[in-house]
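Laboratory data are not the source of any read-out in this text; all were calculated from the coordinates shown. All of these numbers come straight from a predicted model, not from anything done at the bench. FYI the Cβ positions are ideal-geometry reconstructions off the backbone, even for glycines, and counts take in every protein chain you see.
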Amino acid sequence: HPVFDYASAMKAKGGGWTYDELFGFLKQPRAYIPGTKTTFAGLRSAQDRIDLITYLRTLSDSPVAIPPPAKK
């Protein structure tokens, strides 16, 4: 959001977010971007992070395609 005063660490991240980046950030925001102002502790459950990202996609007028699952 353009009016929010983001931490310099978050500003330095810049650009858009990939699914992998968002997945990592939602797990542990302060570990993923040290210096962030984010007080959210994160979501330990991978399924909770997937569910949140799935929900956030519904808010976009043109959501980015979901990448295929990684091969094991």
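Some values worked out for this structure:
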read-out: Cα-centred dipole magnitude for the chain, charges only on beta-carbon of K, R (+1) and D, E (-1), debye, nearest 20; value: 280
read-out: Hz values of 3J(HN,Hα) by residue in the range 17-24 - Karplus curve (6.51, -1.76, 1.60), Gly and Pro given as x; value: 10, 7, 4, 4, 5, 5, 4, x
read-out: Under 19 Å from the Cα of K71 - aspartates and glutamates, other chains or at least 8 residues apart; value: D20, E21
read-out: Crossing angle, helix 46-58 versus the chain [Cα axis fit, 0-90 degrees, rounded to tens]; value: 90
read-out: Gain in span if fully extended, W17 to T58, counting 0.36 nm per residue against the direct Cα distance; value: 13.2 nm
read-out: Mean ellipticity per residue at 222 nm, deg cm²/dmol - from DSSP H runs of n ≥ 4 across the chain, formula -39500 (n - 2.57); value: -12000 deg cm²/dmol
read-out: Virtual paramagnetic centre 7 Å along Cα→Cβ of K37, amide N under 18 Å, in the range 1-31; value: 1-15, 29-31
